[in-house]
Every structure is written in C-alpha cells, then in structure tokens.
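Take this structure first; my questions come after.
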Amino acid sequence: MKKINYFGSRLLGMSLCLLLCVFSSLMGASRPSPQMEAPAGSAGSPQDSTPQTELQSPGAMIGGRYIIEAPFVNPYSTNFFEVWAYLIAGSEYYLEPEFPITDLAYFSAELNTYGELVGVPNPKNLGDYKGRVHLVVACNSTSLTHFALSPKGHVREDLISDLVKATEEFDGLQIDFELVPKRDADTFHSFIKELRERLPNKILSIALPARTKKIENDVYDYERLSALVDRVFVMAYDEHWSSSKPGPVASIDWCNNIAEHSLETIGREKLVMGLPFYGRTWGSVSLDRAFYFSGIQRIMRENNISSEQIARENHIPTFTYDVPSVKVTSYYDDVHSLSIRLDNYYDLGVKGIGFWCLGQEDPRIWSHISISQREEVVQ
C-alpha cells in the first residue's frame, strides 16, 4: 500500500467524513435491507428526518410521497400468473393487502456455525395476507455451505429434517445458497433432490444467479436444477455491483438475454424472473453502496438534484453529482424502467415475476401490475 503523507491523509479523511454524512441512509449489503427506512408514521419504524419544508429540488407529491421525477415517465401495465416478492422478517409493515402479490418469499431463516437451522420467521406476523407464503433459507458462506451439504456425519440429515418440519407452517420452501463451492455441485443437487422427496406436498423453489448462456460445470446449472424443483427464481440483478464500474443494476438488454436463456433452459411454467427494486451509487473514492428507492430520493433532496439533472440510459434513470473531492454516480429503477422490463418479460412469454424486495420500490409500480387468473397456478 502506498504511503500517504499526514496532510494528504487528513484531507482524504475529511472528504470521506463529508461523504458519509451525505450518505446517511446508505447500506453496504449487495441486496439492501429495507429495515433501515420504513414509511413515515409506521409503528416501530424510523421517521424521515428531512422536513418537507426544507426540500429544495423540484419534485411532486405522488401517492403521499415527495418524488423527484426522472424524465420520460410513461409506465406500461402488465399482468402475470404469479407475482413473487421477498419480505424481510421484521419489515412486515411494508406488506399492503392491496398489493398484487401471489407468493411471498419470507426472508429468511439461516444456518448457524454448526449447520443448524435458525431464525425461522413466524408466518402469523403477516396479518391478513391471503397469498402463498414460502420460507426462504439463506446461506452465503462457502465453508458453511460445504459443511452443511456434506453427506458425512449427521449435520445434513438433521438440517433436512429441520427444514421439513419448519416448512409445515408454510406453503413452500425456497433454498437461497449463493456460494456453493464448485466441487460441491453433486452434493448440492442431491440435497435439493432429497428435499423434493421429503416435501411432496409443498412448493419447492430455488433462487439462482443470473445466466445469459450455459456455463460448463456450472454449480447452478438451470436445466439440471429446474428438473428438481417447482419454481426457479432467477436473480436478474447485480449486473453492476459495488466493486464494478458504474452502471445499471439490471440493464434492459441484459435482462432480456437472461429471460431468453431462462425460458429455453427452465421453461415458462417454472420460471420466476426476478427484478430489483434497489439502485446503487459509485464514488470516485470507494464508498460504493446499494440504496432502495426512498434512499435514492433522499440523496437527490440533500444534494439538490433536479429532474433536469436526471438522464435515462436505455430507460434506466441515472445522475451524477459532486461533493468535496468525490464524484458520485447513481443508477436506480423507477416505475418507468421497471414497467419496461416487465413489459419485455411479458412479450417474451414469462408467466411469473418477482421482486427483491418489499420496502425498496417506487410505490407507483403496484398500480401497473395485475394478476392473470388460471385454473391451476401451482404444481
């Protein structure tokens, strides 16, 4: 690491502190949690500390929220047989009964150090929600995943038994293991197969990373895994991430390529195309973060971003601004860009879509989605 002289380090430190103050609502997760910022006035939720009288940037009150509008907003309306949405336990106040959601992915139970199932959310906390509820089990540790999947010893069998028991209170189970070691492909597939056999009357789904083409020896092979489950949730987001160059979280053309490959390898009956509700910022000094829609709006207000400063890159809104010693670039999704993506999926023949996650969205999107009826939606 190169040495920085004393005065240079002080200047850099001051710049970083200033930027951190500006980014008061930032989150470091790859997929941001909505728990940091709930609707103003929600029980047990933090209040928006920015008084409406202090707003300087041009904008409008839309649906009770002050929104700085990107240009060319002309959202499409679409309908799908299934609409999935993730909901993080503890953020149930984001779930509104009028939302057109057929399937709620309740996030999430996890594995502890010993490979044991912990943190199973209580579906009774969902109030009057009438749709299907799926228990999501997440593991984002390579070593822990290897340990839990190993057929040696009792850990794997105990985990499967605990998953079967926990799923009794849910309509389905979703496996979200995003760091399966390459050499564990066969044990991962056999793990999913055993769950399928043990859960004959439940909806078994799996969350898989985005692919635009077949990859040799892929742990997450779409064809192989889709044969074992009822639904495949394709996480078509993070095209650009915290350590990449700035760009859309999910550009329109990239998503179309993923959808076409997914339809070919998974099939439309099992496919759920995932969409992001969140955006990202990149700094010329590395303070790159993910934000949900209201967080992006707060950044705009605090930095006096006007509608005229927002451009669209193939429908995706983007803007830049400067704070001392740092240039910040942001890409995010609004009702227009989300609806364009949804309309493209509809035209391609996608029957199911899903979102990460409730609480992060431009709230106007819900009025442009409807659910198609069919005699038998599941299984």
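The values are calculated or read from the model by the stated rules, or taken from the named source; none is laboratory data. Small disclaimer: the values here were computed from a predicted structure and weren't measured. Quick reminder, even Gly has a Cβ in these numbers, built from the backbone with ideal geometry, and neighbours come from all protein chains shown. Each accessible area value is taken on the protein alone, full model and side chains, heavy atoms only, with ligands, DNA and RNA left out. Shrake-Rupley method; radii C 1.70, N 1.55, O 1.52, S 1.80 Å.
Restrict the check to region 339-350 and report whether at least one residue is modelled with pLDDT of 95 or more, over 23 Å from His261 (Cα atoms) and hydrophobic (A, V, I, L, M, F, W, C). Full working, then the answer.
Filtering region 339-350 down to residues modelled with pLDDT of 95 or more leaves 339-350.
The next check asks that each one be over 23 Å from His261 (Cα atoms); those that pass are none.
No, there is no match, as no residue in region 339-350 is modelled with pLDDT of 95 or more, over 23 Å from His261 (Cα atoms) and hydrophobic (A, V, I, L, M, F, W, C).
Any residue in region 253-267 that is touching a residue at least 40 places away in the same chain (Cβ under 8 Å) and open to solvent by 30 Å² or more (accessible area, probe 1.4 Å) sitting within a Cβ distance under 6 Å of a residue that is part of a helix (DSSP H, G or I) and not β-branched (Val, Ile, Thr)? List the pairs, counting only those 6 or more apart or interchain.
Listed pairs, sorted by first residue: Asn256/Asn344.
Of these, Leu117, Leu126, which one is of a type in the set (A, V, I, L, M, F, W, C), at pLDDT 95 or above and crowded, with 18+ Cβ neighbours inside 10 Å?
On the way: Leu126 fails: crowded, with 18+ Cβ neighbours inside 10 Å.
The conditions single out Leu117.
Just to confirm my filter: which strands (runs of 3 or more DSSP E) fall fully inside region 267-346 and include at least 2 residues that are out of contact with any Asp or Glu (no Cβ under 9 Å at 6 or more places or on another chain)?
Details: elements: 271-276, 279-283, 289-291, 311-313, 316-323, 326-331.
Those strands (runs of 3 or more DSSP E) span 271-276, 289-291, 311-313, 316-323, 326-331.
Then there's this: Among the residues of region 167-190, is any among the hydrophobic types (A, V, I, L, M, F, W, C), free of Cβ contacts under 8 Å to residues at least 60 places away in the same chain and over 27 Å from Cys255 (Cα atoms)? Let's see the steps before the verdict.
In the first step, residues of region 167-190 are kept if they are among the hydrophobic types (A, V, I, L, M, F, W, C); the result is 170, 173, 175, 177, 179-180, 185, 188.
In the following step, the residues that additionally are free of Cβ contacts under 8 Å to residues at least 60 places away in the same chain were identified as 173, 175, 177, 179-180, 185, 188.
Now drop any that are not over 27 Å from Cys255 (Cα atoms), which leaves none.
Within region 167-190 (the criterion being among the hydrophobic types (A, V, I, L, M, F, W, C), free of Cβ contacts under 8 Å to residues at least 60 places away in the same chain and over 27 Å from Cys255 (Cα atoms)), the answer is no, since none of the residues qualifies.
Among the residues of region 217-234, is any out of contact with any Ser or Thr (no Cβ under 8 Å at 6 or more places or on another chain) and among the β-branched types (Val, Ile, Thr)? Before the answer, list the steps.
Keep residues of region 217-234 that are out of contact with any Ser or Thr (no Cβ under 8 Å at 6 or more places or on another chain), which gives 217-221, 224-225, 227-228.
From the residues that got through so far, the ones that are among the β-branched types (Val, Ile, Thr) too are 219.
Within region 217-234, one or more residues are out of contact with any Ser or Thr (no Cβ under 8 Å at 6 or more places or on another chain) and among the β-branched types (Val, Ile, Thr).
Failed condition for Thr145, given (1) surrounded by 17 or more Cβ atoms within 10 Å (Cβ to Cβ); (2) more than 24 Å from the chain's Cα centre (by Cα), with all others met?
The number of the failed condition is (2).
For residues in region 79-92 being touching a Phe, Trp or Tyr at 6+ places or on another chain (Cβ under 8 Å) and open to solvent by 10 Å² or more (accessible area, probe 1.4 Å), which is nearest to Ile365 (Cα to Cα)?
Across region 79-92, the extreme among qualifying residues is Asn79.
Sticking with this one: Within region 149-156, can one find any residue that is out of contact with any helix residue (DSSP H, G or I) (no Cβ under 7 Å at 6 or more places or on another chain) and at pLDDT below 95? Give the steps one after another, and end with the answer.
Residues of region 149-156 out of contact with any helix residue (DSSP H, G or I) (no Cβ under 7 Å at 6 or more places or on another chain): 152-154.
Still in the running and at pLDDT below 95: 152-153.
Yes; the residues of region 149-156 include at least one that is out of contact with any helix residue (DSSP H, G or I) (no Cβ under 7 Å at 6 or more places or on another chain) and at pLDDT below 95.
I'm told Ser370 meets every condition in (1) open to solvent by 10 Å² or more (accessible area, probe 1.4 Å); (2) under 21 Å from Phe291 (Cα atoms) except one. Can you identify the failing condition by its number?
Going through (1) open to solvent by 10 Å² or more (accessible area, probe 1.4 Å); (2) under 21 Å from Phe291 (Cα atoms) one by one, Ser370 breaks only (2).
Starting from residues that are under 21 Å from the mean Cα position of the chain (by Cα) and under 23 Å from Thr142 (Cβ atoms), keep the ones in region 205-218 and report whichever is surrounded by the fewest Cβ atoms within 10 Å (Cβ to Cβ).
By that ranking, first place goes to Pro209.
Please determine whether any residue of region 133-147 is closer than 25 Å to Ser226 by Cβ, of a type in the set (Ser, Thr, Tyr) and in contact with a Lys or Arg (Cβ under 7 Å, 6 or more places away or on another chain).
Taking every residue of region 133-147 in turn, none turns out to be closer than 25 Å to Ser226 by Cβ, of a type in the set (Ser, Thr, Tyr) and in contact with a Lys or Arg (Cβ under 7 Å, 6 or more places away or on another chain).
Considering only region 173-204, state which residues are surrounded by 14 or more Cβ atoms within 10 Å (Cβ to Cβ), closer than 19 Å to Lys270 by Cβ and polar (S, T, N, Q).
Listed by number, the list holds a single entry, Gln174.
Of these, Glu194, Glu260, Glu264, Glu239, which one is within 28 Å of Asp288 (Cβ to Cβ), modelled with pLDDT of 95 or more and charged (D, E, K, R)? Walk me through how you get there before you give the answer.
Numbers: Glu194 fails: within 28 Å of Asp288 (Cβ to Cβ); Glu260 fails: within 28 Å of Asp288 (Cβ to Cβ); Glu264 fails: within 28 Å of Asp288 (Cβ to Cβ).
After ruling out the rest, the residue left standing is Glu239.
For the subset of region 308-356 comprising residues that are among the small types (Gly, Ala, Ser) and surrounded by 16 or more Cβ atoms within 10 Å (Cβ to Cβ), which member is farthest from His240 (Cα to Cα)? Before the answer, list the steps.
Step one: of region 308-356, the residues among the small types (Gly, Ala, Ser) are 311, 325, 330, 337, 339, 349, 352, 354.
From the residues that got through so far, the ones that are surrounded by 16 or more Cβ atoms within 10 Å (Cβ to Cβ) too are 330, 337, 339, 352, 354.
Numbers: Ser330: 11, Ser337: 16, Ser339: 20, Gly352: 24, Gly354: 19 Å.
Going through the qualifying residues, I end up with Gly352.
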